[in-house]
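Trainee: I have a structure I would like to understand better, so I am pasting it below and will then ask my questions one at a time.
The values are calculated or read from the model by the stated rules, or taken from the named source; none is laboratory data. This is a predicted model, so every value here is computed, not measured. Reconstructed Cβ throughout: ideal geometry from the backbone, glycine too, with neighbour counts over all protein chains shown. Accessible surface is based on the protein model in full, side chains and every heavy atom, while ligands, DNA and RNA are left aside. Shrake-Rupley method; radii C 1.70, N 1.55, O 1.52, S 1.80 Å.
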Amino acid sequence: MSNDHTQVQDFFTARAADWDSRFTDDGPAYQAAVDELRLHPGSRVLDAGCGTGRAVPALRGAVGTSGVVLGADLTPAMLRAARGAGRDRAGQLLLADVARLPLLTESLDAVFGAGLIAHLPHPAENLRELRRVVRPGGLLALFHPIGRAALAARQGRRITPDDLRAEANLGPLLAGSGWHMTSYVDEDARFLALAVREG
């Protein structure tokens, strides 16, 4: 997929209305990934590229009523679908580009990004922007509810060596953006890379 914002918006706009109905069994995988962040009541977390907000209720459950849950997405149609599903009751939804977040520096404890890395136009720069809004020692979770091989098979393609989600590529990419990857899982049932903000 092109990283051009217009093409990304067009891709997701065309799929927003039935996005959730296409992936009805992903809920447990989202919950398990959110659990890996080990958020506490009162934590402040961003779902970056939140789409229809499928992670937002799990994030709210983790941070409780005293926490802050934000969902940011570039595509208005995805945010409308999130509101239609009532997910705006669990967090504040923002029409925003993760490349230029309208958030204060070091204002968050964690960022959750489901399916995000493949859609970042400038991955190193964009990961630095996510780092900017997270406090030192805060966490980043890059997640997909199926692993790289299963996703490639679903899309009728093969995994290529330049796949950003490959451990050999992702670790240095994160390190060069001010993150330290602490764990990496790539199984048929899920992909999850966790990183801590350095400095």
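Trainee: Return the inverse of the average 1/r over all pairs of distinct C-alpha atoms in segment 148-199, which is the Kirkwood hydrodynamic radius, in Å to one decimal.
Mentor: Numbers: mean 1/r = 0.0846 Å⁻¹.
That comes to 11.8 Å for segment 148-199.
Trainee: Using a probe radius of 1.4 Å on heavy atoms only, what accessible surface per residue do you get for the chain? Whole Å² is fine. Spell out each step's value before the answer.
Mentor: Working: 9200 Å² over 199 residues.
It amounts to 46 Å² per residue over the chain.
Trainee: Let me spell out the model: positive unit charges on the Cβ of Lys and Arg, negative unit charges on the Cβ of Asp and Glu, origin at the Cα centre of segment 1-119. What dipole size does that give, in debye rounded to 20?
Mentor: Values: 11 positive and 14 negative charges, 65 e Å.
The calculation lands at about 320 debye.
Trainee: Is the shape of segment 1-93 best called rounded, prolate or oblate, per the rule: a/c under 1.5 gives rounded, else a/b larger than b/c gives prolate, else oblate, with a ≥ b ≥ c the square roots of the Cα gyration tensor eigenvalues? Before the final figure, lay out the partial values.
Mentor: Values: a/c = 1.92, a/b = 1.74, b/c = 1.10.
It is prolate, given that a/c is not under 1.5 and a/b is the larger ratio.
Trainee: Another question, then. Each residue of segment 160-177 in turn: what ³J(HN,Hα) in whole Hz from Karplus with 6.51, -1.76, 1.60 and θ = phi - 60°, glycine and Pro shown as x?
Mentor: Result, ordered by residue: 10, x, 8, 4, 4, 7, 4, 4, 5, 8, 5, x, x, 4, 5, 4, x, 10 Hz.
Trainee: A follow-up question, please. For a test of the definition: using alpha carbon positions, the gyration tensor, and the 1.5 limit on a/c, classify segment 87-136 as rounded, prolate or oblate.
Mentor: Values: a/c = 1.74, a/b = 1.18, b/c = 1.47.
The shape class here is oblate.
Trainee: Another question, then. Given H placed 1.01 Å from N in the peptide plane, which residues other than close sequence neighbours of L108 have an amide H under 5 Å from its amide H?
Mentor: V134, R135
Trainee: In a Debye calculation with equal point scatterers on the alpha-carbon sites of segment 32-145 and no solvent, what is log10 I(q)/I(0) at q = 0.17, 0.21, 0.22, 0.23 Å⁻¹?
Mentor: With one equal scatterer per Cα and no solvent, log10 I(q)/I(0) is -0.73, -1.16, -1.28, -1.40.
Trainee: Report, for the chain, the % of DSSP beta bridges that are antiparallel, rounded to 5. Spell out each step's value before the answer.
Mentor: Details: 14 of 32 bridges.
Roughly 45 percent of the beta bridges in the chain run antiparallel, per DSSP.
Trainee: Can you tell me the mean projection area, over all orientations, of the convex hull of the chain's alpha carbons? Units nm², please.
Mentor: Values: hull surface 39.5 nm².
The Cα convex hull of the chain, projected and averaged over all directions, gives 9.9 nm².
Trainee: Right, next: Mind running the shape call on segment 89-185? Use the C-alpha gyration tensor, a ≥ b ≥ c as the square roots of the eigenvalues: rounded below 1.5 for a/c, prolate if a/b tops b/c, oblate otherwise. Mind dumping the intermediate values first?
Mentor: Details: a/c = 1.97, a/b = 1.50, b/c = 1.32.
Cα axes put segment 89-185 in the prolate bin.
Trainee: In whole percent, what relative contact order does segment 1-125 give with Cα contacts below 8 Å and a gap of six or more residues?
Mentor: 29 percent
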